[in-house]
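Just below is one structure, and these are the notes that go with it.
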Amino acid sequence: MKFPSGSAQDLLKLIGDHPLAWLVSAREGRFQAIPLPLLAETDSSGELVSLLGHCSRSNAQVAYLRENPQALVLFSGPHGYLSPSLVSNPTWNYAVAAIEVDVTFVEEETRESVVRLSDAMEAGLEDPWTIDRAGPRVGPMLERIVAFRADVRSVWASFKLGQDETLEALNELISGTSDRALADWMTRFNAERLPQGALAPE
């Protein structure tokens, strides 16, 4: 069974819920891969057009990307092994995306990238932290990092979330797994098959 690539909203939820991605670049046959939290940027129609992030200026990735700006960004959402104790055959469900990008360093947006990331991560907290609280540490910190924008060239996403299971097996998986995030995604992607009201809240 070919598993769906999902909608634009599914991809944005994957990135928003699991922003830590692998940024992979290559130069002269050698690879660099670093984990970085990235923020989705969309156009007026809600389609993903770019990813905003920042990294240390001393990171080897910077030199790689200045020489060859093409890179691959890998997002991994909720995933997990589902035992035969839940269904007859063992399986692994997942939500993942691989995005080809062109990277441009945007020095002038370094502070903004930090502000936007911290605002996104602190959203919903009772007393959200802001960059201004860092006081005199902000200047030296910003000097050591640089922002970049990764413009999207292509997207491959796959959401294997129980669509190939019978309704009975799907219900067993959703109720039996201890990973509630994975259960919520399985519920979302099978909403049309599940009883009314079973869809997990956003």
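FYI, it's all coordinate maths here, none of it is from the lab. On a predicted model such as this, the values are computed, not experimentally measured, just so you know. Every residue, glycine among them, receives a Cβ derived from its backbone with ideal geometry; neighbour counts consider all protein chains shown.
A few notes on this one:
- Highest-MSF residue in the chain out of 103, 115, 24 [GNM, Cα springs under 10 Å]: 115
- In the elastic network of the chain, a GNM with C-alpha springs shorter than 10 Å, the most mobile of 135, 53, 16 is 135.
- Trypsin sites (Lys or Arg not before Pro) within segment 58-148, DSSP loop, no more than 13 other Cβ atoms inside 10 Å: 144
- Length gained when the stretch residue 167-residue 143 is fully extended (0.36 nm per residue, less Cα-Cα span): 3.2 nm
- Summary of the geometry: segment 154-183 and segment 1-71, compared by the centres of their Cα atoms, lie 25 Å apart.
- Residue 104/residue 76 FRET efficiency (R0 35 Å; Cβ-Cβ; nearest 0.05): 0.90
- Cα Rg, Dmax, segment 1-136, angstrom units: 17.7, 59
- In the elastic network of the chain, a GNM with C-alpha springs shorter than 10 Å, the most mobile of 33, 123, 63 is 123.
- Residues 189, 105, sorted so that the one with the fewest Cβ neighbours within 10 Å comes first: 105, 189
- Taking label positions 7 Å along the Cα-Cβ direction at both residue 86 and residue 42, the computed distance is 2.9 nm, reported to one decimal.
- Computed over segment 8-189: relative contact order in percent, which uses C-alpha pairs under 8 Å that are six or more apart: 24
- Segment 5-36 residues near the modelled residue 133 label - backbone nitrogen below 12 Å, point 7 Å along Cα→Cβ: none
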